[in-house]
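Q: The structure that follows is given in the form of structure tokens.
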Amino acid sequence: MMLRTDGLVAGYVPEVDILGGVDVELREGEIVTIVGPNGAGKSTLLKAVFGLLKPRAGTIVLRGESIGGSRTHDISRAGVSYVPQLGNVFPSLTVEENLELGALARKDVDVGEREEAMYAMFPRLAERRRQPAGTMSGGERQMVAMARALMPSPEILLLDEPSAGLSPEFVEVIFAKVAEINGHGVTVLMVEQNARRALAMSNRGYVLDLGRNRFEGPGRALLDDPRVAELYLGGGVRPPQAG
Ligand SMILES: Nc1ncnc2c1ncn2[C@@H]1O[C@H](COP(=O)(O)OP(=O)(O)OP(=O)(O)O)[C@@H](O)[C@H]1O
Ligand SMILES: [Mg+2]
């Protein structure tokens, strides 16, 4: 087991719990997707795992060690990277500078070597390395954010809505990149609104609603579960029948 939360409770405002006891597991090499309605607590879960929010109860265990309440910096050193849903690049900085910031606090990372690895993985960024990130398209910015998170060679990548707001063409490019990153041995925990597409490529998935687990299982099984499809995937498993 790489990462596991057990009964995780967290929130922002005193006495208001957004996560009401969430259990998720991430095994080595997996892609796991969290889906659920707006406000379900999906982003809150990733923030809590990355140490941006202190758990009020429950545990977060990374490779056998408790990280609940640890600082983000220490969680990052332990091999976890995070791409937030919003504000995930520095717009006035160039692509290159954004990537370098991804490894800033890490003396153990060969920045030049990692940058070249990132340009190999995202050739589009190589051509634009001196361009300010804020002048790039949404899909390109998402690539910058992902590359920045990959700079320290994480074992686990937390992705919050990587395909949000992108054109259908770029959605495919980003999902292909997620698969490629996973193929390089990075375990992925992602949140996605593009639930069908994401679950189809996931080993396992979880449906969160109102800060609690609702359904979980292999990605395909969730897609084929009529209750999940009806409640959370916008309609039934099959198109409505005539008559
Ligand atoms: N910084 C904050 N301060 C107070 N409440 C917050 C904060 N961030 C989120 N919330 C609240 O926590 C709840 C869950 O938010 P969260 O962002 O985790 O949902 P989500 O499942 O990621 O939704 P979406 O699909 O819209 O991204 C919401 O009711 C939201 O208003
Ligand atoms: Mg969110």
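Q: If packing is taken as the average number of other Cβ atoms within 10 Å across a peptide's residues, how do 50-61, 191-202 rank, most packed first?
A: 191-202, 50-61
Q: Under a point-charge model restricted to the Cβ atoms of Lys and Arg (+1) and Asp and Glu (-1), what is the dipole moment magnitude of region 1-147 relative to its Cα centre, in debye to the nearest 20?
A: Roughly 240 debye for region 1-147.
Q: Considering the chain as a Gaussian network with a 10 Å cut-off on Cα pairs, which listed residue, Leu166, Leu231, Leu189, attains the greatest mean-square fluctuation?
A: Leu231
Q: Can I ask one more? Quick check: the distance between the Cα centres of region 141-167 and region 38-112, to the nearest angstrom?
A: 11
Q: Just need the Rg to Rh number for region 89-153, please, alpha carbons only, Kirkwood Rh.
A: Ratio of gyration radius to Kirkwood radius for region 89-153: 0.93.
Q: Give me Rg/Rg_expected for the chain, where Rg uses Cα atoms only and Rg_expected = 2.2 N^0.38 Å with N residues.
A: Cα-based Rg divided by the globular estimate yields 1.01.
Read-outs: derived from the displayed coordinates by stated rules, not from any lab. These figures come from a predicted structure and were not determined experimentally. Cβ atoms come from the backbone with ideal geometry, glycine included; neighbour counts cover every protein chain shown.
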